[in-house]
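Single-structure report; data block below.
Quick note: the coordinates plus some simple rules give every number you see, no bench work behind them. Because the structure is predicted, anything quoted here is derived from the model rather than measured. Cβ: placed from backbone, ideal geometry, glycine included. Neighbour counts: every protein chain shown.
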Amino acid sequence: MKFNTYKFFAFAAIVVTLSACEDVINPDLRDAKPVLVVDAWINDKVEDQIIRLTLSEPYLSGKLPTGVSGATVSVSYDGGSIDFTEDAGDPGVYRWTTDAITTADVFGEIGRAYTLTINVDGQTFEAKSKINRTVAIDSVTFEEDDSPFYPDNSYIAQFWATEPEGTGDTYWIRSYKNGELLSKPSEINIAYDAGFSPGGSFDGITFIPPIRQVNPNDVDEDDQPLSPYAIGDSLYVEIHSITYESFTFLNQVIVQTDRPGGFGELFSTPLANVSTNIKSTSPGSLKAVGFFNVSAVKGLGKKLEEKP
């Protein structure tokens, strides 16, 4: 028992010593050269398609990224090419308006390949994507949650869809509560077939939980879970087809942004750059990060009007 007592007090001394290390340091970090950040996730929805170009900021700057103005941006395919025009009042935002060409003629064909081309100050960047099949949603349901995890009169939601047969399909499930996208790192919802990853043998079945569970992760000032849905709330769920490369990119984004913080960070995956499919195809010093993907999208919504 004496040996165990010594070990206990030794451990306690270490904890006290570590907890006393509260000196604030301000490291003198060298500013890295800005890189081109490409946000190019477009789809076959009947709405304006937007590609955003910005320059990165130093980690500790606290500034919003600067929009890259004056670039030329286009997306080509095996039947032609369309140009994205920069918004006059919003530098770095390049838009294709659906009034120009019908969406069905440009983005609507499953299996079609696309090439994004960006020219910035004489340097050219390219990325490629293929539009894959997606899944129709059969229904969206709410049910009252009687677990102690949520407050009383809380409702949780699920979507129901059967993933088509044929392995290797990848999806991004995007959910909107009362018109607002669930966009926290912990709310990024991706699937490989109807499961989580290759090798799961979840092909051709209903999407498994928790993938089909589409609930916001909101907490109060005491860090206690809030009710996901209440009477009067609405939910709209979309299933976007994505390439396997995009699936890998989003997986890396989840790992790098959904961090535990505090002491738990010591045991987390080390911070690292995520992948990109944006490649420089001409001489120049500017580097690029970000991703280009073209999705087919199907969605369904429902309002919680009364107790199910």
The set of residues whose placed amide H lies less than 5 Å from the amide H of residue 288, leaving out same-chain residues fewer than 5 positions away, is 36
Once phi for every residue in the stretch 121-133 is put through the Karplus expression 6.51 cos²θ - 1.76 cosθ + 1.60 (θ = phi - 60°), the whole-Hz ³J(HN,Hα) values, with Gly and Pro written as x, are 6, x, 9, 10, 10, 9, 8, 10, 8, 10, 8, 9, 6
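Based on the Cβ-Cβ distance from residue 59 to residue 181, what FRET efficiency comes out when R0 is 22 Å, to the nearest 0.05? Could the numbers behind the result be given before it?
Numbers: r = 25 Å, r/R0 = 1.16.
The formula returns an efficiency of 0.30 here.
How large is the Kirkwood hydrodynamic radius of the stretch 174-247, in angstrom, based on all distinct alpha carbon pairs? Walk me through the numbers on the way to the answer.
On the way: mean 1/r = 0.0716 Å⁻¹.
Kirkwood radius, the stretch 174-247: 14.0 Å.
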Pairs to check: 33/279; 128/287; 33/130; 177/302; 184/303; 45/130. Give those whose C-alpha atoms are more than 20 Å from each other in this structure.
33/130; 184/303
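Based on Cα coordinates alone, diagonalise the gyration tensor for the stretch 71-228, multiply each eigenvalue by 5, take square roots, and list the semi-axes in whole Å, largest first.
Numbers: eigenvalues 266, 103, 41 Å².
Over the Cα atoms of the stretch 71-228, the ellipsoid semi-axes are 37, 23, 14 Å.
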Any residue on another chain or 5+ positions along whose placed amide H is under 5 Å from the amide H of residue 296 is listed here as 132, 241
Tell me which residues come under 5 Å, amide H to amide H, from residue 145 once H is placed; ignore anything under 5 positions away on its chain.
154, 155, 156
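Given that compact globular proteins tend to follow 2.2 N^0.38 Å, what is the ratio of the alpha-carbon Rg of the stretch 156-308 to that value?
Working: Rg = 17.8 Å, N = 153, 2.2 N^0.38 = 14.9 Å.
Against the empirical 2.2 N^0.38 Å value, I get 1.20 for the stretch 156-308.
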With residue 165 itself left out, Lys, Arg at +1 and Asp, Glu at -1 over residues whose Cβ is under 15 Å from its Cβ give -3
Averaging 1/r across every pair of distinct alpha carbons in the stretch 106-193 and inverting yields a Kirkwood hydrodynamic radius, in angstrom, of 17.0 Å
